[in-house]
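Okay, so here's the structure we're looking at.
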Amino acid sequence: MGRIRPFIGNELVKVLTGIRRSGKSVMLELIQGELVEQGISDSQFIRFNFEDMRNTHLCTAEALHKEVTQKVVGIEGKVYLFFDEIQEVANWEKCVNSFRVEFDCDIYITGSNAKLLSGELATYLAGRYVEFVIYPFSFGEFMELHASVYPKTPTQEIFTKYLTLGGMPYLRNLRFEDTPSQIYLQDLFNSVVLKDIVKRNKVRDVDLLERIIAYVFGGVGTTFSAASISKYFKSENRIAAPETIMNYISYCVDAFLFYQVRRQDLQGKKLLTVNEKYYVADHGIREAVFGGNMKDINLILENVLYMELLRRGYKITVGKAGANEIDFICEKRSEKLYVQVSYFLASEETVQRKFGIYKSVKDNFPKYVVSLDEFDMSRDGIKHRNIRDFLLASDWN
């Protein structure tokens, strides 16, 4: 709300995107609540959820335009338009842009696809919208919700629960109970795959798609290429062209199931075009569908850190220095910081690997190593933090 609030009431179209059930519809309700508190009458609101079967007849630009135009006639003052899951409306950009021109209105839309505002139709709204990505809850938000159900639970215990359940908002309604939560997350996963990937992209080989998703789930935070996946499938007697694999992965990225992270050569200062890393929007979905979060704890901690960095507005790359890597190079305007993630700094070799990579970085921006260790192992100007404390810190500079 802090990011959205400055734009309430102005002419820019507010676009809320993010993975299905991450809280976009609730954000629309919160915005409506703020407007009512400002003295705006509820009668000035026009709302549609396009996943509601009762609105199926409005899923073309022409039909929606006609319906809204009729409703606007009886409203005095500014009109507030709320369109949930707008991607279900064919040519919606033409329609929304027309409202912007025709009426004195304030427009809010949500969508579950990263390409909502790309392509030819988006030119209608070029420079006339502001986008907000709604992510699953952070550890701090999860703690707050968990405390509302189970007060006085130790932070360490809540963190363990977070590592298995993830941050989807509805989990609070299930009282964070393991079995109902896993059933819910499996259902959510199936919904994302069916509605936002298979149906939207007309995927024919659903079995191949599921195998690719399982492969990416299994290798969260590890570098691989479409060619390496193709080679792996071939060894399993399943033929899949690298181009098809890349297309299917990009569909998953568009549906906010995965996030792609590119690698940066620290010596040459250039982005590398092969072997990206992928992280999951919500690690709880991974546990429910694929399992093994606690077995792959080092990968999950990396995933949790990556999503926290995204939430805080950083642009993130992986740093490559020779054969070694810095997990995250994070940039935001004039800010920059480096983060290395480890499960435990249990051996001198691990300490040397995690801290030693920073010798190749000559600038003075903050450099962190975060792990589950409880005692401070900072050295040579490099800060070591417990991962829970790091996630809950308000500032990292």
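Summary table
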read-out: Qualifying positions in the stretch 184-205 - of a type in the set (Val, Ile, Thr) and surrounded by fewer than 13 Cβ atoms within 10 Å (Cβ to Cβ); value: none
read-out: Residue, farthest from Gln70 (Cα to Cα), within the stretch 31-54, restricted to residues that are open to solvent by less than 50 Å² (accessible area, probe 1.4 Å) and among the β-branched types (Val, Ile, Thr); value: Ile31
read-out: Residues of the stretch 293-311 that turn out to be open to solvent by 10 Å² or more (accessible area, probe 1.4 Å), in contact (Cβ under 8 Å) with a residue 24 or more places away in the chain and assigned to a loop (DSSP other than H, G, I, E, B), as a count; value: 2
read-out: Number of the exception - Gln87 against (1) over 25 Å from the mean Cα position of the chain (by Cα); (2) closer than 27 Å to Ile19 by Cα; (3) of a type in the set (S, T, N, Q); value: (1)
read-out: Any chance Gly322 is touching a residue at least 24 places away in the same chain (Cβ under 8 Å) and loosely packed, with under 15 Cβ neighbours inside 10 Å; value: yes
read-out: Test for His146: is it touching a Cys at 6+ places or on another chain (Cβ under 7 Å) and either farther than 19 Å from Ser25 by Cβ or in a helix (DSSP H, G or I) (or both); value: no
read-out: Residues located in the stretch 282-291, provided they are of a type outside the set (Val, Ile, Thr) and either part of a helix (DSSP H, G or I) or in contact (Cβ under 8 Å) with a residue 12 or more places away in the chain (or both); value: Asp282, His283, Gly284, Arg286, Glu287, Ala288, Phe290
read-out: Arg47 being of a type outside the set (Val, Ile, Thr), out of contact with any Gly (no Cβ under 8 Å at 6 or more places or on another chain), closer than 27 Å to Phe137 by Cα and modelled with pLDDT of 95 or more; value: yes
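A quick yes/no check of all residues on (1) hydroxyl-bearing (Ser, Thr, Tyr); (2) closer than 20 Å to Phe224 by Cα; (3) within 17 Å of the chain's Cα centre (by Cα):
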position: Arg312; (1), (2), (3): no, no, yes
position: Lys320; (1), (2), (3): no, yes, no
position: Ala323; (1), (2), (3): no, yes, no
position: Ile326; (1), (2), (3): no, yes, no
position: Tyr343; (1), (2), (3): yes, no, no
position: Gly356; (1), (2), (3): no, no, no
position: Val370; (1), (2), (3): no, no, no
position: Ser378; (1), (2), (3): yes, no, no
position: Ile382; (1), (2), (3): no, no, no
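The values are calculated or read from the model by the stated rules, or taken from the named source; none is laboratory data. Quick caveat: nothing in here was measured; it's all calculated off a predicted structure. Note that we place each Cβ from the backbone using ideal geometry, even for glycine, and neighbour counts take in every protein chain shown. What goes into the accessible areas is simple: the full protein's heavy atoms, side chains included, and nothing from ligands, DNA or RNA. Shrake-Rupley method; radii C 1.70, N 1.55, O 1.52, S 1.80 Å.
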